[in-house]
Structures are given as structure tokens and as C-alpha cells.
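I have placed the structure first, in the form of C-alpha cells, so that the comments after it can refer back to it.
Please treat every number below as a calculation from the coordinates, not as lab data. Please read all numbers here as calculations on a predicted model, not as lab measurements. Using ideal geometry, Cβ is built from the backbone for each residue, glycine included, and neighbour counts are taken over all protein chains shown.
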Amino acid sequence: MNDAVLSPPPPGAPGGPRVLLEVFGCQMNKLDAELMVRALRKAGYDFTDRDEEADAVLLVTCSIRDQAEHRVRSHLGTLSVQKRERPHLAVGVLGCMAQREGRDLLDRWPALDFVAGTRDFPQVASILDRVRADAVRVLAVDGDPLVPEDRDLAVRPDRARAFVNVMRGCDKPCTYCVVPRTRGPELGRPMVDIVAEVSALVDDGVVEVTLLGQTVNAWGRREGRSLGELLYRLQELPGLQRLRFITSHPEEMDEVLIRAMADCDKCGLFLHLPPQSGSSSVLRRMARGYTAERYREIAAQLRAAIPGVQIGADLIAGFCGETDADHALSLQLLRDVRFSQAFCFRYSPRPGTPAFGRLRDDVPEAVKRRRLLELQALQNEIQLKRHRGMVGEVHRVLVEGGSQRRPELLFGRNLAFDRIVFDGGARAADLAGRFADVRITSATALTLTGSIVAAEPAPSSSPSDRAQVAHVAALA
Ligand code: SAM
Ligand code: SF4
């Protein structure tokens, strides 16, 4: 996930003090930033994406690996210098790093005006008001776990796609992970609230909704429900065309959910289901609650029940006690499951996690790096083979916008979440947020490139993706 200054800046209150909002980390942070924009705009703040224009710089932070925190620390270094020249500049740190470090952050960074945790960002506007009016420093890390999911339809960053939280926090005991500490215990939202939010988004032009949760497929478990029931309910909403959910935990997959994924034709043919390791003994030390064999069974069950489904992985290289033999088992898992994508990370010990206190970070950095490169190289081979097999096929993509690396091209994603870059031709300017049929003409391990075959006049009048399969097959 890329770090990003919100650019172009969201609509604010013209003439108000200008805030530059910089978001690090995952989709949840992006959605939290959207909720902050609402609160700030309501309180009369405007936004900018230029450092020199900003009256306040707010960093929405991530703690998942040390590298993520390091980027924030170096940013704070730059802001400290700027603040010497512009003493009126207010600086705030919000989100996971704020929650994890709290007062220590204020003590270490004299230029920092406030620290607001993962349940305190709804108060961002009143905190900023106080900081600016009274020149006080504020620490807020004890917010109500019931975070209001108030969103303002007018400030949505993408007109066609939206994230919707179905839960906050996490109750899993994964020994390497800081999330339960930074985001607190799991708290699910009632179905009625989620359906109301998705309906309002769809009425406002959204065609693709991604449900968010750290263990999204555990939604409803405490009330004896399954995420599958929510999928069936959302499938009924006219106007909604694509439905995704991230991230799923292997231990929480259930029959109803698998059936719903097979039955609901709006549901994406992609499941992000991180195994973390291919070695059962490493998985035991990670406290993931399943073995590598069980993971393979779940993957096979998914493929048998949902034709065409793709599975995405996260894998950690060099967790405490990981041997070369364990690492070989992770490589073997990649070969066996043939994920359509895999995010691989070097293990980063996080203070406050169970592993930090109990297990020794005994894999040398150079070995972690080598194992990471091996995982990535193998995954690239697997992806290249799959991508080459797709050349000549026509895929229906929801166009997301201009490609960052090649701005003359557009990109979109198909139902299986593959990213496809293509030349939009004469109609490129008005294709964002619409569906287009794209023939794949070339492939690398990381990119599928294509050319447009047909585009739809208006997304809201289109049938769902899977209903288009016959049409797309005919074009191919
Ligand atoms: N909740 C999701 C799950 O259980 O799969 C994802 C949580 S986390 C935000 C995203 C990924 O970061 C994890 O799947 C894991 O691979 C990786 N991760 C978490 N803690 C890590 C650590 N200490 N070092 C390296 N990678 C880590
Ligand atoms: Fe972290 Fe595990 Fe929770 Fe995912 S399920 S957020 S890896 S503790």
C-alpha cells in the first residue's frame, strides 16, 4: 500500500485554515482519513496537497512494521525543521503509531502538537481547534471503542468505489502482530447499519463496495451469523455491481460464506486469505490456529465451490525460529496453491506483541532478506505463467483512473482483482468509474496490458459482472 498525501485535496470549507492530510498504511487508514475529512470540513477547515500552503499537517500512521513507523519518523524530522520557519504550523500524529506510542511521541518530538489514537480521530477537528487557539499540546488515546462511522457522501475520494467498515479491531492472538494492541478488541457493526450505509453509497453512484475488517470473515460470529448472510443481503441491492471483502482469516472460513461467494454473482472472484507461512511449526509459533495442511484443504474447498476464484496471500519471511526447511515449506505452499498475488514481508519484531517478549528474533537480517527475495522470485514466476495464459482473453474491468507509471494509460480491475492497464482511446477522459471490456495483449509478472474492446455508457445500468461472462466469452 502506498503512502499518500491526499491529492487532489478533498473539498473543504473555502477560506478556512488549510490541512494537509498524509495517509500511511492500509485501506482502514484511508477510510479513517475520509471520516476525518468530514469532521474537519464540518468544522470549517479547508485542504491542500502543498506543504508550503498548509496551516496543519496531519499524519495518519501505520505500525505494522518498523519500516512504516520509520517513514513517519523521518517525516516528523522534516516537519520539525519547517516548524522552525513557520511556528504557526500545527502538526498531529493519528492512528496506529499514535495509539502505540502515545505520550512518548509527544516527549520525543517537541514540534508535535497532538497525538490522537485509533478511536480518537472523530475528535480531530476539536483537538486541532484547541491546539491552534490555545497553543496547548494534546494527547488523546482513550477514545470510545464505538467509533461513529459517519461519512459525508460529498467528500468521497472515488465516485464509483467505496470502502465500508464492518468491524473494527481484532481479537486474534497472532504473536507477531501489533494490530490488537493498536486497534483494540474486535467490535462488529450491526447488519442493518452496514446495509443502510451501502444503500446510501449505491444511491450516490457507487458500483463497487469493499467491506473492511482485520478478520472480515469473522463478522457476525458472536451472534451466530456468517459474513455470507451479509453478502446475500447486499447482493439484493439494485445498482450495486461488485462486492469485495478484505481481509479473511483461514480459521474463520465457513460453509455459508463459501456458498454465498458461489451464489452471489456480484461477489468478486478473489479472496485475500493470508497463510503467513507454509510451515505448521512456524504457524503454531505464530498462533494462527491452523496448519499448512488445513490451509491447503480450505484453498481446495474454495476452488471446488467457486469456479474461477483466485486466492491472494501474505507471507512473512524469517519469523522467530524459522529454519531453511520451514522456508522451503513456504516456497512449496506458493507452488501448490498458485496464488494470483502474494505480499511477502520480512519479519519485523514489534514491541508489545507476544512474540517480542517470548520468542527470539533469531533469523539474521541477511537471511530474512534472502528468503524474502526467494519468495518474491518464485511468486513472480507463478504470476508470469498465469498472466501469459490470459493473453487474448477479454476481461470486464471497472476503470479506476490513469496509471501512475504511464499516465497516458488507464487501469482497472477485473472481477478476480487483477490489475489491467490499457489504452482508453478517444473516450479515455470519461471512462473512470465505468466498466470496459479489455482484451489482454501482453503480460509481465506484475502487469497485464490490454486494449479496449467496448465500454459501457453508464455503470449503474449494467448487469452484474458474472452475468456478463457469456458476453465477454463471446468477444474473446
Ligand atoms: N488481518 C489480516 C490478517 O490476519 O491476515 C492482515 C493484517 S496486517 C495489517 C497485514 C499483513 O502484515 C499481515 O497479513 C502480515 O503478513 C503482515 N505483518 C503483520 N505483522 C507483521 C510483522 N510484525 N512483521 C512482518 N509482517 C507483518
Ligand atoms: Fe494481526 Fe492476526 Fe489480527 Fe490479522 S488476525 S490483524 S495478523 S492479530
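When you go through (1) outside any strand (DSSP E or B); (2) among the hydroxyl-bearing types (Ser, Thr, Tyr); (3) within 21 Å of the chain's Cα centre (by Cα) one by one for Thr210, which number turns out not to apply?
Among (1) outside any strand (DSSP E or B); (2) among the hydroxyl-bearing types (Ser, Thr, Tyr); (3) within 21 Å of the chain's Cα centre (by Cα), the lone unmet condition for Thr210 is (1).
Of all residues in region 327-379, which are within 15 Å of Ala317 (Cα to Cα) and aromatic (Phe, Trp, Tyr)?
Phe343, Phe345, Tyr347
In region 350-384, which residues are closer than 18 Å to Ser280 by Cα and either hydroxyl-bearing (Ser, Thr, Tyr) or buried (at least 20 other Cβ atoms within 10 Å of the Cβ) (or both)?
Of everything in region 350-384, those that are closer than 18 Å to Ser280 by Cα and either hydroxyl-bearing (Ser, Thr, Tyr) or buried (at least 20 other Cβ atoms within 10 Å of the Cβ) (or both) turn out to be Ala355, Val363, Arg371, Leu375.
Of the residues that sit in region 148-171 and are surrounded by 20 or more Cβ atoms within 10 Å (Cβ to Cβ) and more than 24 Å from Val207 (Cα to Cα), which one is nearest to ligand 1 (Cβ to nearest atom)?
Going through the qualifying residues, I end up with Cys170.
Pull out all pairs, ordered by first then second residue, where Cβ-Cβ is under 6 Å, the residues are six or more apart or on different chains, the first lies in region 177-188 and is within 9 Å of Thr353 (Cβ to Cβ) and in contact (Cβ under 8 Å) with a residue 24 or more places away in the chain, and the second is among the charged types (D, E, K, R) and within 11 Å of ligand 1 (Cβ to nearest atom).
Listed by first residue and then by second, the contacts come to Val178/Arg350.
Tell me which residues, restricted to region 9-60, are assigned to a loop (DSSP other than H, G, I, E, B) and closer than 23 Å to Val209 by Cβ.
Pass one, region 9-60, residues assigned to a loop (DSSP other than H, G, I, E, B): 9-17, 24-26, 43-45, 48-50, 54-55.
The answer is Pro10, Pro11, Gly25, Cys26.
Take the residues in region 269-287 that are under 21 Å from Arg386 (Cα atoms) and within 12 Å of ligand 1 (Cβ to nearest atom), then tell me which one is surrounded by the fewest Cβ atoms within 10 Å (Cβ to Cβ).
Applying the filter and picking the extreme gives His272.
Please enumerate the residues belonging to region 172-194 that are β-branched (Val, Ile, Thr), buried (at least 16 other Cβ atoms within 10 Å of the Cβ) and in a helix (DSSP H, G or I). Can you show your working first?
Residues of region 172-194 that are β-branched (Val, Ile, Thr), as a first pass: 175, 178-179, 182, 192, 194.
Checking which are buried (at least 16 other Cβ atoms within 10 Å of the Cβ) leaves us with 175, 178-179, 182, 194.
Scanning region 172-194 gives Val179, Thr182, Ile194.
Within region 73-93, identify whether any single residue is within 16 Å of ligand 1 (Cβ to nearest atom), touching a strand residue (DSSP E or B) at 6+ places or on another chain (Cβ under 6 Å) and of a type outside the set (Ser, Thr, Tyr), and answer yes or no. Show your work before the answer.
Within region 73-93, the first condition is being within 16 Å of ligand 1 (Cβ to nearest atom), and the residues that meet it are none.
No, region 73-93 contains no residue that is within 16 Å of ligand 1 (Cβ to nearest atom), touching a strand residue (DSSP E or B) at 6+ places or on another chain (Cβ under 6 Å) and of a type outside the set (Ser, Thr, Tyr).
Starting from region 273-286, keep only residues that are free of Cβ contacts under 8 Å to residues at least 40 places away in the same chain, then list their pairs with residues that are within 14 Å of ligand 2 (Cβ to nearest atom) and assigned to a loop (DSSP other than H, G, I, E, B) whose Cβ atoms are within a distance under 7 Å, requiring at least 6 positions of separation or different chains.
From residues that are free of Cβ contacts under 8 Å to residues at least 40 places away in the same chain, the pairs are Leu283/Ser277; Leu283/Tyr290.
Working only within region 263-282, note down all residues that are closer than 18 Å to Cys344 by Cβ, outside any strand (DSSP E or B) and touching a strand residue (DSSP E or B) at 6+ places or on another chain (Cβ under 7 Å).
Across region 263-282, the qualifying residues are Leu273, Pro274, Pro275, Ser277.
So which residues in region 288-300 are in a loop (DSSP other than H, G, I, E, B) and away from ligand 1 (no atom under 14 Å from the Cβ), if there are any at all? Show your work before the answer.
Of region 288-300, the ones in a loop (DSSP other than H, G, I, E, B) are 288-291.
Listed by number, the list holds a single entry, Thr291.
Could you please find all residues in region 339-349 being surrounded by fewer than 18 Cβ atoms within 10 Å (Cβ to Cβ) and closer than 18 Å to Ala445 by Cβ?
Listed by number, the list holds a single entry, Phe343.
Just checking, which of Arg285, Arg259, Arg303 is within 16 Å of ligand 2 (Cβ to nearest atom), of a type outside the set (A, V, I, L, M) and assigned to a helix (DSSP H, G or I)? Spell out how you get there, then give the answer.
Details: Arg259 fails: within 16 Å of ligand 2 (Cβ to nearest atom); Arg303 fails: within 16 Å of ligand 2 (Cβ to nearest atom).
Step by step, each of Arg285, Arg259, Arg303 is checked, and only Arg285 is within 16 Å of ligand 2 (Cβ to nearest atom), of a type outside the set (A, V, I, L, M) and assigned to a helix (DSSP H, G or I).
Rundown of residues vs (1) crowded, with 20+ Cβ neighbours inside 10 Å; (2) touching a residue at least 60 places away in the same chain (Cβ under 8 Å); (3) away from ligand 1 (no atom under 15 Å from the Cβ), yes/no style:
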{"site": "Ala200", "(1), (2), (3)": "no, no, yes"}
{"site": "Asp204", "(1), (2), (3)": "no, no, yes"}
{"site": "Leu211", "(1), (2), (3)": "yes, no, no"}
{"site": "Arg225", "(1), (2), (3)": "no, no, yes"}
{"site": "Leu231", "(1), (2), (3)": "yes, no, yes"}
